Amino acid sequence: MAQGFFITGTDTEIGKTHSAVALIRHWQAQGQRVVAMKPVASGCEILPDGSWLNDDVARLVAATGQQDLDLMNPYRFLPPVSPHIAAREAGVEIVLDTIVSHYQQLAAQADTVLVEAAGGWLAPLAEGVYMEDMARALQLPVILVVGMRLGCINHALLTVRAIQASGLQLAGWVANRVVPQQLAYADNLATLQAAIAAPLLLELPYAPA
């Protein structure tokens, strides 16, 4: 059975997919067979053949070469809104058992599976169901992407505490620079390294969208 990781972030739009692709390429360079999963994605475009594709999913596919989009992305929605709203408007129930089943099928195909969340740790999937519950259903160690900018220390440590409270292992974290210049960047990074009891896996430079 493959090793798996659940990658989440301190917020939305802080570079989870950018970080996921960097991790995938790092593991591939070590000779690992890596597949990715984005169980829930909102904000899709309609392709010429009528299918729907989310940009994050497209970037993961480009990194892994996967072809079965339904397996890696079982729930996709057109409007770029929170998944629980998109699912409600579409009349769709996001079922955690379905996500677990898809994960298990992917895990049989690879050495490492990277599951990317949508939004942050407590982004809702349905009434009373959150991304945290998906990670707990999968029972995967967590990688936290910290968007390095003003306020990141508070956001990071709050998320770390929430992950720890869930009973899941924090396997490591990624420092992703989301602004061109952050005052006292090195000091912020050092503070986070001292406060987070998990390894810094990657430090990614600012990359304009």
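The values are calculated or read from the model by the stated rules, or taken from the named source; none is laboratory data. Remember, predicted model here, so these are calculated numbers, not experimental data. Methodologically, a virtual Cβ is constructed for each residue, glycine included, from the backbone with ideal geometry; neighbour enumeration extends over all protein chains shown. Quick note on the areas: whole protein, heavy atoms, side chains included, nothing else; ligands and nucleic acids left out. Shrake-Rupley method; radii C 1.70, N 1.55, O 1.52, S 1.80 Å.
Odds and ends about this structure:
- Exactly one residue out of L53, L114 is touching a residue at least 60 places away in the same chain (Cβ under 8 Å), open to solvent by less than 40 Å² (accessible area, probe 1.4 Å) and not in a helix (DSSP H, G or I): that is L114.
- Among the candidates A175, A162, the residue that is touching a Phe, Trp or Tyr at 6+ places or on another chain (Cβ under 7 Å) and either surrounded by 14 or more Cβ atoms within 10 Å (Cβ to Cβ) or of a type in the set (D, E) (or both) is uniquely A162.
- Only one of the listed residues (Q104, Q28, Q32, Q67) is of a type outside the set (K, R), over 21 Å from T8 (Cα atoms) and surrounded by 13 or more Cβ atoms within 10 Å (Cβ to Cβ). That residue is Q32.
This table checks each residue for (1) touching a Lys or Arg at 6+ places or on another chain (Cβ under 9 Å); (2) among the aliphatic types (A, V, I, L, M); (3) assigned to a loop (DSSP other than H, G, I, E, B).
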position: M134; (1), (2), (3): no, yes, no
position: V146; (1), (2), (3): no, yes, no
position: R161; (1), (2), (3): no, no, no
position: N176; (1), (2), (3): yes, no, no
position: A190; (1), (2), (3): no, yes, no
position: A194; (1), (2), (3): no, yes, no
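- Failed condition for A135, given (1) under 14 Å from the mean Cα position of the chain (by Cα); (2) open to solvent by 20 Å² or more (accessible area, probe 1.4 Å); (3) among the small types (G, A, S); (4) within 25 Å of L170 (Cβ to Cβ): (2)
- Selection status of L106, touching a residue at least 60 places away in the same chain (Cβ under 8 Å) and either part of a strand (DSSP E or B) or within 14 Å of the chain's Cα centre (by Cα) (or both): no
- Between R88, R59, the distinction of being part of a helix (DSSP H, G or I), open to solvent by 50 Å² or more (accessible area, probe 1.4 Å) and touching a helix residue (DSSP H, G or I) at 6+ places or on another chain (Cβ under 8 Å) belongs to R59 only.
- In the stretch 71-85, the residue that is least open to solvent (accessible area, probe 1.4 Å) out of those that are free of Cβ contacts under 8 Å to residues at least 40 places away in the same chain and in a loop (DSSP other than H, G, I, E, B) is N73.
Here is a yes/no grid of residues against (1) among the aliphatic types (A, V, I, L, M); (2) in contact with a Ser or Thr (Cβ under 9 Å, 6 or more places away or on another chain); (3) under 30 Å from V92 (Cβ atoms); (4) modelled with pLDDT of 95 or more:
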residue	(1), (2), (3), (4)
D111	no, no, no, yes
E116	no, yes, yes, yes
G128	no, no, yes, yes
I143	yes, yes, yes, yes
A156	yes, yes, no, yes
R161	no, no, no, yes
Y185	no, no, no, yes
T191	no, no, no, yes
L202	yes, yes, no, yes
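- Residues that are in a helix (DSSP H, G or I) and either within 13 Å of the chain's Cα centre (by Cα) or small (G, A, S) (or both), drawn from the stretch 3-37: K16, T17, H18, S19, A20, V21, A22, L23, I24, A29
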